[in-house]
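Trainee: Dumping the structure here so I can ask a few things about it.
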Amino acid sequence: MTARRFRIIATLAITLLFLLAWAFPILWSVLNSLKTDSDVLAYPPKLFFTPTLEPYRDVLFGSASILPNLVSSFVISIGTTIITMLMAVPAAYALARLRFRGKKFAGFYVLATQMLPPVGIIIPYFLILRNIGWIDTYQGIILIYLSFSLPFAIWLLVSYFEDIPFEMEEAAYLDGASRMKTLRRIIIPQVRGGIAVTVVFVFLNAWNEFLFAVVLSGNTVRPVTVAMFNFVSVEQTLWAKLAAVSVLAMLPVVILGVVAQKNIVKGLTVGAVKGGGRR
Amino acid sequence: MKSFAPTRRTFLKAGTAATALLGLAPSVMRQAAAQEADLAPYKSAKIDWQQASGETITIAVIPASYFENLISLAPQFKALTGIDVRFEKIPPAQIRQKSVIDLTSKTGTYATHAADPMYYSLYAANKWVEPLDSYLADKSLTDADWFKFDDIIPAWRAADSVDGKQYGVPYDGEVTIQVYRKDLYDAKGLKPADDLETFVKNAAALNAPNDRIWGTALRGVAGAGQNMYIYPSIFREFGGQWFKGGKLTVNGPEAEAALAWYIDVMRKYAPTAAANWNWPDIADAFSQGTVASYIDAHSSASVINNPEKSKVIGKVGYARWPKGPTGKRVSSIWNWGFPINAAQTDKKKKATWLFIQWAASAETQARTAHRFAGPAKRSGVNRSSIWKDPDYVKLMNGFGDNFVEATMATLQSDTDVDWRPRVPQWPAIGDTMATAIQSALSGQATIKAALDDAQRRVEPMMRG
């Protein structure tokens, strides 16, 4: 009994330690975002201080407001996610189920686009967008984001589709359902968890992307990840404001994560159980 | 905390209202500024300011108060020339990347950009930017008597030229000086250091980590513009020469002595974390009273005098770079200048030049500095004449003892355009050296091994 209790306590302690290490930067940002500049620099770091919403007011409604950047980020991330999912679900299904010539090659090709280091393709992307006049436009950035979100989404979804027993589909066909109807009514509901996971990851990647955004964006379309850097000026780092923007930029992802959590957990366990069963 | 509990509705309302206001505010302000602007001082120049009217040019700058001031005057430029200017603010690390991509691909996105002086060799070697001599000499484009190009601080002008040809016009600049805590120095009877030896002695005398005061701090983080901003001055003061018999040399006895001095100071008298510090971190620490002295850009004076967070206002003094064992002072200089992107139509190039002439003119420099209406005052004004203007001098001396004298003396006597090797391969060389310095500082390699390794890496770069 005591050995068991010890194990529980040890597990708890280790979990807490990891949780703390993981949560520390976030807590730190939240705390600093509520401080004045002089409190941010105070030593020893103040845990108790008079909170101020000044940094938030500044970054939201001040002269360097990030509201337009948040809008940019939303348009880009939501656009990327919707288009990716519309294309990735059928593509993943096809790769998992259909037999067609060049299937293996197509699968590999989709993956190959993921193998290039992003830095290497920035200049070609810049030139392409420049030539078609899509620099600093939503369609331009979304198009480029699709080039890496799509392969990622397809490969993530393929594994979920492969996990569905073929018998389920056969049953639907026997009952006279068409392939499209089967996909819509039988298959997709089964991979809901997988789709939720994919949506979160695609949205997260698009939301947090910086490397391409900084090169391909401009004054009109500028996501929050790029705008955030303007609080690190050559003269000084505006810690409180930087923290406030970070917290604001974190929020949508956190909310999406919480909303999708139920489905994600389900999605993850579906995969796990199936994998275990196969063995 | 309780005050921040908006319902969804009030939040949306506030957001919508704010967005609407934001949309309106700039246009209202722009109109007001344009109406108030007195353009007579510009119109006394004997050129046709309207010759490129109707053009639109995009200019990349970095987020900094001195560019914010300029951006707020853009409506005056539009009223004067009929040229529309769009500014794009890009952080310092990315502006190099973006402008090089723009220049290599010859897309002409940015008519001009805030350029790193160390990049001009690269730009010029590839003919990406225009030589400016013809623009300066063209009487239809430049009124030499009005523009007074020679009034711009010579050290910064030289930094923006390659082989005697001008490629950029400095807008705002910096020079590296010694900054110290007057009160702490006085208490111990210390004087600001005149040579590196005294600098170390002063740091040792004030170093008391248990009381949270460290003797000094120098840029420690690895980077061509970070530890390789401070090290080259030390290297040159110890007698180092970048080119020995035409060959780029970064190792040898002088280099070893210089690096040893830097590492000794950083290990013994600087906070441990300073190995990862950049200039804002040094200024932040100094402003909190934990560092007794530092050597860095004179422009950091505005940070350590920021009443909102500094605890050392009124306790600061300034002095020139301490002399090295050779008796030489080698300060580092920096400026953000404007080149003309060569991949543009002739009319756009003219519009760009008119913008550069306007931004670098004595009138605009004054309007963005001591005569600027807002709170941020520039300490990097490009004109020798303004540095003698009593109004400006008074404003600048508000930063502390000896500020203007130290800055001016350094700019006049202690700078050296070759404080870093000015070659097209600089960006790669700078990064290689930065890594070598850091590995020696962290003890991963001995000083000699780090420098010899850097030499081995640098040589093929110079051949290629």
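Trainee: For the stretch B:257-274, which residues satisfy the criterion of being more than 14 Å from chain A (Cβ to nearest Cβ) and surrounded by 20 or more Cβ atoms within 10 Å (Cβ to Cβ)?
Mentor: B:A258, B:L259, B:W261, B:Y262, B:V265, B:M266, B:Y269, B:A270, B:A274
Trainee: What are the pairs with Cβ atoms under 6 angstrom where one residue, in the stretch B:280-292, is at the interface with another protein chain (Cβ under 8 Å from one of its Cβ atoms) and surrounded by fewer than 22 Cβ atoms within 10 Å (Cβ to Cβ) and the other, located anywhere, is in a helix (DSSP H, G or I) and among the aliphatic types (A, V, I, L, M)? Sequence gap at least six, or different chains.
Mentor: Once the first residue is at the interface with another protein chain (Cβ under 8 Å from one of its Cβ atoms) and surrounded by fewer than 22 Cβ atoms within 10 Å (Cβ to Cβ) and sits in the stretch B:280-292, its partners that are in a helix (DSSP H, G or I) and among the aliphatic types (A, V, I, L, M) give B:Q288/A:L41.
Trainee: Within the group B:W336, B:W353, which residue is assigned to a strand (DSSP E or B) and either touching a helix residue (DSSP H, G or I) at 6+ places or on another chain (Cβ under 9 Å) or of a type in the set (S, T, Y) (or both)?
Mentor: Result of the check over B:W336, B:W353: B:W336.
Trainee: Take B:K98 and tell me if it is basic (K, R), more than 8 Å from chain A (Cβ to nearest Cβ) and out of contact with any His (no Cβ under 6 Å at 6 or more places or on another chain).
Mentor: Here the answer is no, as B:K98 does not meet what is asked.
Trainee: While we're on this one: Would you say A:V59 is within 13 Å of chain B (Cβ to nearest Cβ), of a type in the set (V, I, T) and either in contact (Cβ under 8 Å) with a residue 40 or more places away in the chain or out of contact with any Leu (no Cβ under 9 Å at 6 or more places or on another chain) (or both)? I'd like the intermediate steps shown before the answer.
Mentor: Details: within 13 Å of chain B (Cβ to nearest Cβ): yes; of a type in the set (V, I, T): yes; either in contact (Cβ under 8 Å) with a residue 40 or more places away in the chain or out of contact with any Leu (no Cβ under 9 Å at 6 or more places or on another chain) (or both): yes.
So A:V59 passes the test.
Trainee: Quick test for you: out of B:A428, B:A366, B:A362, B:A449, pick the one residue that is in the same structural domain as B:S299 (by TED's automatic domain parsing) and modelled with pLDDT of 95 or more.
Mentor: Answer to the selection: B:A449.
Trainee: Please work out if A:L204 is within 14 Å of chain B (Cβ to nearest Cβ), in a helix (DSSP H, G or I) and within 27 Å of A:F74 (Cα to Cα).
Mentor: Spelling it out, it is not the case that A:L204 is within 14 Å of chain B (Cβ to nearest Cβ), in a helix (DSSP H, G or I) and within 27 Å of A:F74 (Cα to Cα).
Trainee: Still on this structure: What's the number of the condition B:H298 fails, among (1) under 20 Å from B:L206 (Cα atoms); (2) more than 11 Å from chain A (Cβ to nearest Cβ); (3) in contact with a Ser or Thr (Cβ under 7 Å, 6 or more places away or on another chain)?
Mentor: Answer for B:H298: the failing condition is (1).
Trainee: Next question, about the same structure. Restricting the stretch A:16-59 to residues that are part of a helix (DSSP H, G or I) and of a type in the set (S, T, Y), which is surrounded by the fewest Cβ atoms within 10 Å (Cβ to Cβ)? Show your work before the answer.
Mentor: In the first step, residues of the stretch A:16-59 are kept if they are part of a helix (DSSP H, G or I); the result is A:16-33, A:37-41, A:54-59.
Subset that is of a type in the set (S, T, Y): A:29, A:33, A:38, A:56.
On the way: A:S29: 19, A:S33: 24, A:S38: 17, A:Y56: 20.
Going through the qualifying residues, I end up with A:S38.
The values are calculated or read from the model by the stated rules, or taken from the named source; none is laboratory data. Not measured: the values here are computed from a predicted model. Cβ: placed from backbone, ideal geometry, glycine included. Neighbour counts: every protein chain shown.
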